[in-house]
1. For the chain, what does -39500 (n - 2.57) per DSSP helix run (n ≥ 4), summed and divided by total residues, give at 222 nm, in deg cm²/dmol to the nearest 500?
2. Roughly how many debye, to the nearest 20, is the charge dipole of the chain about its Cα centre, given +1 on each Lys and Arg Cβ, -1 on each Asp and Glu Cβ, and no other charges?
3. Expressed as an acute angle from 0 to 90° and rounded to the nearest 10, what is the orientation of the C-alpha long axis of helix 29-50 relative to the principal long axis of the chain?
4. Does anyone have the angle between helix 55-74 and the longest principal axis of the chain? Alpha-carbon axes, 0 to 90°, nearest 10?
5. Given a 1.4 angstrom probe, I'd like the percentage of the accessible area of the chain that is carbon and sulfur, rounded to a whole number.
6. At 1.4 Å probe size, with every protein chain present, just tell me what the per residue accessible area of the chain comes to in Å².
7. Given the options 56, 25, 14, identify the residue whose Cα lies farthest towards the positive end of the charge dipole of the chain (+1 on Cβ of Lys, Arg; -1 on Cβ of Asp, Glu).
8. Return P(r) of the range 33-83 (all Cα-Cα pairs; 5 Å bins starting at 0; whole %; ordered from short to long distances).
Amino acid sequence: MGHNIHTLKEARALALRVWRDAARFFLSIELALMVLVAVCTVAGVFLAAMGDLRFILAFGFAIAYVATRSVLHVRRKLSWPFI
């Protein structure tokens, strides 16, 4: 990415700066919700394959989250890209 790193100390400093900049996202509720949507999607596929009607609830949550996120993004309430 255009960084001239010549020593281990410079590499460590760059890695630390990147982690500090990204920590706000990794500790946010957004990441937790995205992981929850992924889990619901996988669970929905599993439940559908097993013939359990609870797959509708799992898929419903995943679809509702994406729809809500899209509307909030269009209204400029959220700034992170959602897909």
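1. -25500 deg cm²/dmol
2. Around 380 debye, computed over the chain.
3. The helix 29-50 is inclined about 40 degrees to the chain.
4. Tilt of helix 55-74: around 50 degrees.
5. Answer for the chain: carbon and sulfur cover 70 percent of the accessible area.
6. Accessible area per residue, the chain: 85 Å².
7. The listed residue farthest towards the positive side: 14.
8. Reading upward from the zero bin: 5, 23, 25, 19, 13, 9, 6, 2.
The values are calculated or read from the model by the stated rules, or taken from the named source; none is laboratory data. All values reported here derive from a predicted model rather than from experimental measurement. FYI the Cβ positions are ideal-geometry reconstructions off the backbone, even for glycines, and counts take in every protein chain you see. When the accessible area is computed, the model is the full protein with side chains, heavy atoms only, and any ligands, DNA or RNA have been set aside. Shrake-Rupley method; radii C 1.70, N 1.55, O 1.52, S 1.80 Å.
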